[in-house]
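The values are calculated or read from the model by the stated rules, or taken from the named source; none is laboratory data. A quick note: this is a predicted structure, and the numbers were derived from the prediction, not measured. Using ideal geometry, Cβ is built from the backbone for each residue, glycine included, and neighbour counts are taken over all protein chains shown. Remember, those area values only see protein heavy atoms, side chains included, never the ligands or the DNA or RNA. Shrake-Rupley method; radii C 1.70, N 1.55, O 1.52, S 1.80 Å.
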Amino acid sequence: MGRGRKLRLRPIRTDDAESLVQMGLRSTPNDLRLRFFSPVRPAVGHLTSLLTEFDRERHIAMAAYDPAAADGEDGILGVVRLILSREAPEGEFAIMVRSDQAGHGLGHRLMEEMLGWARERGLKRVRAEIMFENKRMLRLARAFGGVVQPQTQDFRTVQVTIELEGEPHRPTSRARKA
């Protein structure tokens, strides 16, 4: 990982609301808008409940943290989610990296982890809805073989699909810079 840090993943817990708020406070308003599709004010409430209280049979959510940081002083650095479909062998994913951690390969590692979970569960594909202007996330998804298609009439969002059948996709070297 960038800067020689070794990071770990742990499941998102129901008591992570304040940690997620802190992650939001250390992210730019634009990065939050790109992830949640509208302006978000980081505060414990409805959104943090949605992010911490979910069906753990169908929803995998992990937080990246630095185990070497004293008393969790760095907090959550990034989050990756995979929601398994009830109808088909596919899932929907989302990734957010705290703004001050962007550009060091964390998004790339979170994508690798999520794709590993999907393959372990026999999924054929994963999808994400991404704002068209979220160039970093689109670049990351494309580096892993993601195919982008317009999602809405106004082209505000796109659907990215990553097919998982066959050999795992080896990301391009550009992906590490995402």
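Solvent-accessible area per residue for the chain at a 1.4 Å probe radius, Å²?
That works out to 55 Å² per residue.
Given the whole protein assembly as supplied and a 1.4 Å probe, what does the accessible area of residue 135 come to in Å², nearest 10?
Accessible surface of residue 135 is approximately 100 Å².
Let me have the 222 nm mean residue ellipticity of the chain computed from DSSP H runs of 4+ only, each contributing -39500 (n - 2.57), with the sum over all residues rounded to the nearest 500.
Calculated mean residue ellipticity at 222 nm is -8000 deg cm²/dmol.
Which entry in [x] 17.1; [y] 20.8; [z] 16.7 is this structure's computed Kirkwood radius over Cα pairs in Å?
Read-out taken from this structure: [z].
Long-range amide H contacts for residue 157: which residues qualify at under 5 Å (H placed 1.01 Å from N, peptide plane, sequence gap of 5 or more or a different chain)?
Hits under the 5 Å cutoff: 132, 151, 152.
Could I have the simple spin-label model distance between residue 8 and residue 58, label points 7 Å from Cα toward Cβ, reported in nm to one decimal?
Going by the 7 Å Cα→Cβ label model, 3.1 nm.
Percent of accessible area on the chain owned by carbon and sulfur, 1.4 Å probe?
With neighbouring chains kept in place, the figure for the chain is 50 percent.
Relative contact order (percent) for the chain, with alpha-carbon contacts under 8 angstrom and 6 or more residues of separation?
19
Under the 0.36 nm per residue contour assumption, what length would be gained going from the current alpha-carbon distance of residue 165 and residue 43 to full extension?
Using 0.36 nm per residue and subtracting the Cα-Cα distance, I get 39.9 nm.
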